[in-house]
1. Taking residue 425, is it within 16 Å of ligand 3 (Cβ to nearest atom) and either in a helix (DSSP H, G or I) or open to solvent by 10 Å² or more (accessible area, probe 1.4 Å) (or both)?
2. Any residue at all in the range 51-60 that's of a type in the set (Asp, Glu), modelled with pLDDT of 90 or more, outside the structural domain of residue 199 (by TED's automatic domain parsing) and out of contact with any strand residue (DSSP E or B) (no Cβ under 7 Å at 6 or more places or on another chain)?
3. Do the conditions hold for residue 216, that is, is it farther than 21 Å from residue 495 by Cβ, among the hydroxyl-bearing types (Ser, Thr, Tyr) and either touching a Cys at 6+ places or on another chain (Cβ under 9 Å) or in contact (Cβ under 8 Å) with a residue 40 or more places away in the chain (or both)?
4. Only one of 430, 411 is open to solvent by 70 Å² or more (accessible area, probe 1.4 Å) and among the charged types (D, E, K, R); which?
5. Within the range 483-508, how many residues are open to solvent by 10 Å² or more (accessible area, probe 1.4 Å) and either modelled with pLDDT under 95 or of a type in the set (Val, Ile, Thr) (or both)?
6. Is it the case that residue 394 is closer than 17 Å to residue 498 by Cα, open to solvent by 50 Å² or more (accessible area, probe 1.4 Å) and within 24 Å of the chain's Cα centre (by Cα)?
7. For residue 383, state whether it is closer than 25 Å to residue 296 by Cα, within 16 Å of ligand 3 (Cβ to nearest atom) and of a type in the set (A, V, I, L, M).
Amino acid sequence: MPLPSLVEAGFDPAPSIERYNHAQLTVGTTIPADAAVVGILVTGDGPVPSVLGLDRETMAGVGFTGRPRQSLVLPRAEGPTLIAVGIGDPATLTAAILRDSAATFARAAQRFEHLVLDLTGSESLPASVAGLAAVEGITLARYRYDQLKHEPVSPPLRSGTLVTTADRVADTEAGGRRGLVTAEITALARDLENTPPAHLTATRLADVSVRLAAATGLEVEVYDRQAIIAMGLGGVLGVNAGSGEEPRVIKLTYRPDASLGAPAGHLALVGKGIMYDAGGISLKPSDAMHAAMKLDMSGAATILAAMTALHDLGCRTQVTGYLMCTDNMPSGTALRLGDVLTIRGGRTVEVVNADAEGRLVLSDGIVLSTELGVDAIVTIATLTGAAMRTFGTERAALLGTNDDLLDQVERAADATDEKVWQLPMERAYRPLLDSAIADIKNLGGENAGTITAALFLDEFTAGIPFAHIDICGPMMATKDEAWRTVGATGFGARLLAQLAIDFTRPVE
Ligand code: BES
Ligand code: ZN
Ligand code: MN
């Protein structure tokens, strides 16, 4: 019997996956009298806020110089615990630095459930930006995946209070409210990604999508195995061939309310939803990376999570999401090397490596998107180990065919601090994908793996502006750092929501 029987037989609880926000947000002009802990921003030089009752030399003496990501906890005999939080030079303060500082504060205040952060010192940022970044940093730093633990790892975050001047309260609050939504979708993506593969099969992800879509005003269609056969999604069927679990293709549609005016275009998002990537018969070795392959559905998870926020955030773009879901398992019925699959639309692919499966499922999703006449197609996937070799865990690889669309992705990445870096779509490498017996093969050889994977995907885009985000590196963190927490990072959810909100039809 396949593993999910363990779940169904009651050995494991089925984790609830919801969009949730447990923390209350308040914005005010004074530190509440009952505050237990207060974060105080400290710059890299100049005067130290007098409330700390310490001078710069004293703090420097214990190693605190006001640099970003530094904090110093000051317990006191009376009144709240104060935590000095470094923000560096106020002239070069960015949303990213403030987000990290807020995260540093929330971690230093780990044992407190009610946090107060005084934003004095962050006035070089617009109040809405400061509010958004502070809430994201605090909330994301306190994320924990503890659904399968009997004892919580650390106290939950119950409330956050931001303190600012009277003229900035309204905008700080507006930004903070958006931050609750954007932090919530990152947490949702992390939950989906962190959930073990037997707990979150393709079928279960479809059920979760149906529930979330209903709760957040999205249309949803789920295609099961029979429908996938009828639709001719040969990539999905081929990858699924070795699995005891059925595949699912999940189509999500967001239509902006008529009150928002004419839609700002139609954007397709296609996500790799490999629920577990064993490598098929090209079996992966049993190393730590293999154990992380439950995260191989991160592309699909970030699209689902991002799309649940589009109504809340007043997005004016029509967005269609395709989540391409199956696991990639070895078995007597699995794809063999040398097999040829027919992708939707008729192109044939020779499979020369069963572990290069992501591009097979994505190509079916890309073709489905082209049939809708969308203005742009963006794929997001944990596609190639080569992207992680190139950029490590800080940046995703970005590739594409349209400079305007690539600029839009880069702007969304900058705004959310989900960083990307562009690689070239080097056409000179396209012959590496030539197959002797089919239209194309699924692997381009040893080198430039991230680029040849993107060239493969571009074969199916029918000339529609296309961008591809390879999140293999940043999908996971091995330690808590800034807004990331150990395990799945949810990288991409905030980026995609921002991209959809600011989207304009790409110019050629
Ligand atoms: N899901 C993996 C890529 C991956 C690797 C994601 C490490 C996260 C961490 C993908 O399906 C894969 O197996 N890629 C192979 C391709 C190779 C067989 C051409 C890779 O990159 O090693
Ligand atoms: Zn994979
Ligand atoms: Mn693989």
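1. On the way: within 16 Å of ligand 3 (Cβ to nearest atom): no; either in a helix (DSSP H, G or I) or open to solvent by 10 Å² or more (accessible area, probe 1.4 Å) (or both): yes.
The answer is no for residue 425.
2. There is at least one residue in the range 51-60 that is of a type in the set (Asp, Glu), modelled with pLDDT of 90 or more, outside the structural domain of residue 199 (by TED's automatic domain parsing) and out of contact with any strand residue (DSSP E or B) (no Cβ under 7 Å at 6 or more places or on another chain).
3. On the way: farther than 21 Å from residue 495 by Cβ: no; among the hydroxyl-bearing types (Ser, Thr, Tyr): yes; either touching a Cys at 6+ places or on another chain (Cβ under 9 Å) or in contact (Cβ under 8 Å) with a residue 40 or more places away in the chain (or both): yes.
In short, no.
4. Values: 430 fails: open to solvent by 70 Å² or more (accessible area, probe 1.4 Å).
Result of the check over 430, 411: 411.
5. Residues of the range 483-508 open to solvent by 10 Å² or more (accessible area, probe 1.4 Å): 484, 486-487, 498, 501-502, 504-508.
Filter once more, so that each one left must be either modelled with pLDDT under 95 or of a type in the set (Val, Ile, Thr) (or both): 486, 501, 504, 507-508.
Adding up the residues that qualify gives 5.
6. Numbers: closer than 17 Å to residue 498 by Cα: no; open to solvent by 50 Å² or more (accessible area, probe 1.4 Å): yes; within 24 Å of the chain's Cα centre (by Cα): yes.
Criteria not met by residue 394.
7. Working: closer than 25 Å to residue 296 by Cα: yes; within 16 Å of ligand 3 (Cβ to nearest atom): yes; of a type in the set (A, V, I, L, M): yes.
In short, yes.
Table: residues versus (1) more than 16 Å from ligand 3 (Cβ to nearest atom); (2) more than 29 Å from residue 501 (Cα to Cα).
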| position | (1), (2) |
| --- | --- |
| 240 | no, yes |
| 267 | yes, no |
| 271 | no, no |
| 278 | no, yes |
| 284 | no, yes |
| 312 | yes, no |
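The values are calculated or read from the model by the stated rules, or taken from the named source; none is laboratory data. Since this is a predicted model, take the numbers as computed values, not measurements. Backbone-built Cβ (ideal geometry, glycine too); neighbour counts: all protein chains shown. Accessible surface is based on the protein model in full, side chains and every heavy atom, while ligands, DNA and RNA are left aside. Shrake-Rupley method; radii C 1.70, N 1.55, O 1.52, S 1.80 Å.
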